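Derivation of every value follows stated rules applied to the coordinates shown; laboratory data play no part. This structure is a prediction, so every number in the text was calculated from the model and none was measured. Using ideal geometry, Cβ is built from the backbone for each residue, glycine included, and neighbour counts are taken over all protein chains shown.
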Amino acid sequence: MPEKLKMPSQELHSEAWWIRVLDDELTPDEEVRWGAHLLQCESCRQELAALTRVDLFLSQVPAPPALPAGFTDATVQLIARRQRWRRMLSFLAGSLVIALTSLLVVGVARSTLSSFELGVGVMFFARDTLFHSLVQTMLALLVRWRTILPYMVGTALVAYALVVPDGLLMTFAVVWLSSRRRARGMA
Amino acid sequence: MKGLPVRMSVGEDGQEAIEGDFLRLAQRGDAASITKLVETYQQKVFNVCYRMLGEVTEAEDAAQEALVKAVTNLHSYDVERPFKPWILRIASNGCIDRIRRRKDALSLDGMGEDGAWEWQAGNSPNPEREYLRNERHAAVRAVLEDLSPADRMVVTLFYWEGMPYIEIEEVTGLTVSAIKSRLFRARRTIAELLVQEETYA
């Protein structure tokens, strides 16, 4: 019978063939072929015996020891501690953002009222800085903890609405300044 | 003629897997659910760590670390997916890191401390049986230590956790064909080691 071209997984001594043998994946024809081959091939017989011995050895391994009684409690306590720490950290971060934002808003408001140009300049600067730093912080927290603290988002939005050049503070300043000009004009 | 059925997994696990709703409770921080979660998976995680690290105290530490990490990162876990591969993946990565750190520290006593033996000594009424059991533990440890960490993990998951290839793929990140290949070569390595041990016993 002419030798057919064999696929790698049909080559009798290949790794792929052995893997299929051990996984019990031979077709009935292949099983017949394998059986016949084993009768002739000493090295395959030895290999099979050795691999079988390995399986036996590994299956007779004694089970790992049981965990000590206090393990669950100790672990749960550790988890609680870690979560408390995380909560404290995010509270701290949130408070920091609020504090910085308040300072910023107050600073911008005061500078706007004293000098218009200065106020506008500060607003532009504040907008850029605030936006960048808040977005970076929130992205970092998002990636790390996958949670958005609602008040952080709220704070950021409020600050943004207040402080940007076309935001509330600016609007208030424009309205206030133009009413003052009108008052002076009328005087 | 067939080869013997390959997988003889020890310690058949009859426990129910933790359900999605239960996990959601744990995600929200419900203490009772978290405790139940830890209770359910702790031994399994420990077993894997023990096979990987070969030593009881270190395995306990590694298991605890993995459980804590899993629970505190529950918010990033998709509740619809099976939990076991996910937590074992965390444990597996932790163990492999520890092994790497161990190698860097380069201890000359590669066989593992007597700590494992102390744990068992003096507790058993039958010292001879304990001795033989320790011998077996030591023999398996010696064999496992000669495998690479990745191979060790694949062998552990396949033989002692009875995991199908697809689950092992989830835990290790290796493809199924890579797993089969590693498993086969690991078996060959172990076969040679067993022959050597018999020769020098």
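Using Cβ counts within 10 Å as a stand-in for footprinting exposure, how do A:ASP55, A:ASP73 rank, fewest first?
Values: A:ASP55 20, A:ASP73 11.
Taking fewest neighbouring Cβ atoms as first place, the list is A:ASP73, A:ASP55.
Among the trypsin sites (Lys or Arg not before Pro) in the range B:28-90, those placed in a DSSP loop whose Cβ has at most 13 other Cβ atoms within 10 Å are B:ARG28.
When the helix-only estimate is applied to chain A (DSSP H runs of n ≥ 4, each -39,500 (n - 2.57), divided by the residue count), what is the mean residue ellipticity at 222 nm, nearest 500 deg cm²/dmol? If you can, show how the numbers build up before the last one.
Working: 7 runs with 146 residues, N = 187.
One gets -27000 deg cm²/dmol as the mean residue ellipticity at 222 nm.
Among the helices of chain A, those built from whole DSSP H runs whose Cα atoms reach 18 Å or more along their own axis and whose mean Kyte-Doolittle hydropathy is at least -0.5 are A:42-59, A:71-114, A:116-145, A:150-163, A:168-186. Considering only A:ILE19, A:ILE98, A:ILE79, the Gaussian network model of chain A with Cα springs below 10 Å gives its largest mean-square fluctuation to A:ILE19.
Can you classify the range A:1-133 as rounded, prolate or oblate using the Cα gyration tensor, where a ≥ b ≥ c are the square roots of its eigenvalues, rounded means a/c under 1.5, and otherwise it's prolate if a/b beats b/c and oblate if not?
On the way: a/c = 8.93, a/b = 2.57, b/c = 3.48.
Verdict is oblate for the range A:1-133.
Take the Cβ atoms of A:ALA66 and A:SER114, set R0 to 56 Å, and the FRET efficiency comes out at 0.15. Using only side-chain charges placed at the Cβ, +1 for Lys and Arg and -1 for Asp and Glu, the dipole size of the range B:29-112 relative to its Cα centre rounds to 280 debye.
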